[in-house]
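The values are calculated or read from the model by the stated rules, or taken from the named source; none is laboratory data. Remember, predicted model here, so these are calculated numbers, not experimental data. Cβ sites come from the backbone with ideal geometry, for glycine too, and all protein chains shown count toward neighbours. Keep in mind that these areas ignore ligands, DNA and RNA; they rest on the heavy atoms of the full protein, side chains included. Shrake-Rupley method; radii C 1.70, N 1.55, O 1.52, S 1.80 Å.
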Amino acid sequence: MATNRENFGSRAAVIMAMAGSAIGLGNIWRFPYMVGEYGGAAFILVFIFCSFLLSFPIFLSEAVVGRRTHSNALGAMKKLAPKSGWTALGYLSVITPMIIVSYYSIVGGWSIEYFFKSFTLNFGEFRPSGWTPLIFNTIFLALSSIIVAFGVKSGIEKFNKISIPLLFVLIVLIMIYSLNMPGAEKGVEYLIKPDFSKLTGRTFAFALGQSFYSMSLGMGIVITYSSYVHKDENLVASGAGTVLAALLFSVLAGFAIMPAVFSAGIAPSSGPGLVYQTLPHVFSGMGATAPILGTLVAVLFFFSVVVAAMTSSISLLEVGVAFLVEEKGLSRKKACLIVFLAAWILGLLSVFSIDIFGKVDAFSSNFLLTAGVLLVVLFVGWKMDKEEIREELTNHMTVNKWVFGIFYFLVRYVAPIVVLVIFISNLVL
Ligand code: PHE
């Protein structure tokens, strides 16, 4: 089976695919707000620190598991720890992304709807649940599944290679427009004015949680995508590229969104409220003074949100598809159809109830994600063979020789303690 597995074609392809998974709604609707509320530039520093000190080594831990075994998330655990309780981590890694994609694609659907609405700048009231969201969710999920059905190279790789550069271009264009709006300075100030008094233990926990979510950790995605990375590729270099791309996009999104929000004299918010209520107001306001440019900015913005969500949703779907193909022997097309149907049916709960939507989001992105991250670092730090890890990270001692010691220390000692603290505080707070 391993012989006919596909690989990503180049380092750029690996980084684009991984960055495609990382860059998504988390960067657009959570990060800018968190920065403003939790200390501006001070928060950005904490975020960068957390990303490199913890998310990066955790990312590499998953990458090692995936590339070593060239298997789907469950198959990887079966190969590395046969017939042991660790296969539970494999199952968790397959189930979590299925749950996440069931509501993530609903947001993708809202974004398609808003993309169409932006041509007239007539957004109306935000209706997150019901039949219209179901229709757009179906479209979004179907498009994502079709891309996955084309395969790793002609589907996932191709789509990300076009989408990620395009997303950067679009967000920079929107940022330039936004920064030139009257009163934009207030938004800039909101994002960068450092306030070190806001840096509490909770801020650290939020920053870390956001960083894990943003890097798509703890849910089998990095394991699955890394299983398509060629054995000669430098994992540390492609991981670093991914972290940097995701960080940069978050910051650019902040400077694209907040100056416009402040210029319109609206209080910033986070989550669905920011993208589907606050920003439509901002765009309508732009439309009143500059109809053509305002419409163009709105159309490009919602187009970017759709694409960013889609590059993430295809990574979520691929985990289940790889599992069905390799563990259950299904054809890729059949596997895509099953994963599509499963996500669609599960999504019915969230699409008709915004309450359930919120609960599924909180449960999967706090509880399941943190559990997955904790198990992965315990597995790599304490169970997996140390020499195997070294071989993967250094490509048999040909590259990054100095990295291993630092990596191993962080994954064996630092990460488990920090993640355990977060896991417990999520449960009790
Ligand atoms: N990382 C994506 C974002 O920031 C979300 C995501 C989470 C994607 C989990 C895949 C898996 O929006």
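Among the residues in segment 260-271, are any within 16 Å of the ligand (Cβ to nearest atom) and either open to solvent by 30 Å² or more (accessible area, probe 1.4 Å) or of a type outside the set (D, E, K, R) (or both)? The answer is yes, given that some residue of segment 260-271 is within 16 Å of the ligand (Cβ to nearest atom) and either open to solvent by 30 Å² or more (accessible area, probe 1.4 Å) or of a type outside the set (D, E, K, R) (or both). Based on this model, can you work out whether LEU317 counts as surrounded by 19 or more Cβ atoms within 10 Å (Cβ to Cβ) and more than 16 Å from the ligand (Cβ to nearest atom)? No, not satisfied.
Condition check ((1) closer than 20 Å to SER304 by Cβ; (2) part of a helix (DSSP H, G or I); (3) without any contact (Cβ under 8 Å) to a residue 60 or more places away in the chain) across all residues:
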position	(1), (2), (3)
ALA17	yes, yes, no
SER21	yes, yes, no
GLY26	yes, yes, no
ARG30	yes, yes, no
VAL35	yes, yes, no
GLY39	no, no, no
ALA42	no, yes, no
VAL46	no, yes, no
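Listed here are the residues, each with its yes/no results for (1) among the charged types (D, E, K, R); (2) away from the ligand (no atom under 14 Å from the Cβ); (3) assigned to a helix (DSSP H, G or I); (4) within 14 Å of the chain's Cα centre (by Cα).
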position	(1), (2), (3), (4)
VAL306	no, no, yes, yes
ALA309	no, no, yes, yes
VAL325	no, yes, yes, no
CYS336	no, yes, yes, no
ALA342	no, yes, yes, no
ILE356	no, yes, yes, no
ASP361	yes, no, yes, yes
LEU368	no, no, yes, no
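Cβ separations smaller than 7 Å between residues 6+ apart or across chains give the following pairs from segment 299-314 residues that are under 17 Å from SER284 (Cα atoms) to residues that are assigned to a helix (DSSP H, G or I) and of a type in the set (Ser, Thr, Tyr): PHE302/SER111; PHE302/TYR114.
Across segment 97-117, which residue is surrounded by the fewest Cβ atoms within 10 Å (Cβ to Cβ) among those that are away from the ligand (no atom under 16 Å from the Cβ) and more than 19 Å from GLY271 (Cα to Cα)? The residue in question is PHE116.
Residues of segment 13-34 include none that is among the hydrophobic types (A, V, I, L, M, F, W, C), surrounded by fewer than 16 Cβ atoms within 10 Å (Cβ to Cβ) and either more than 12 Å from the ligand (Cβ to nearest atom) or more than 21 Å from SER315 (Cβ to Cβ) (or both). All of (1) within 21 Å of the chain's Cα centre (by Cα); (2) surrounded by 14 or more Cβ atoms within 10 Å (Cβ to Cβ); (3) not polar (S, T, N, Q) hold for LEU134 with one exception: (1). Is it the case that THR394 is out of contact with any strand residue (DSSP E or B) (no Cβ under 9 Å at 6 or more places or on another chain) and either touching a residue at least 12 places away in the same chain (Cβ under 8 Å) or surrounded by 14 or more Cβ atoms within 10 Å (Cβ to Cβ) (or both)? The answer is yes for THR394.
Within segment 200-215, work out how many residues are open to solvent by 30 Å² or more (accessible area, probe 1.4 Å) and either within 12 Å of the ligand (Cβ to nearest atom) or not in a helix (DSSP H, G or I) (or both). The total comes to 2.
Screening segment 383-429 for helices (runs of 4 or more DSSP H) wholly inside it with 3 or more residues that are under 28 Å from GLY201 (Cα atoms) returns the ranges 403-409, 415-428.
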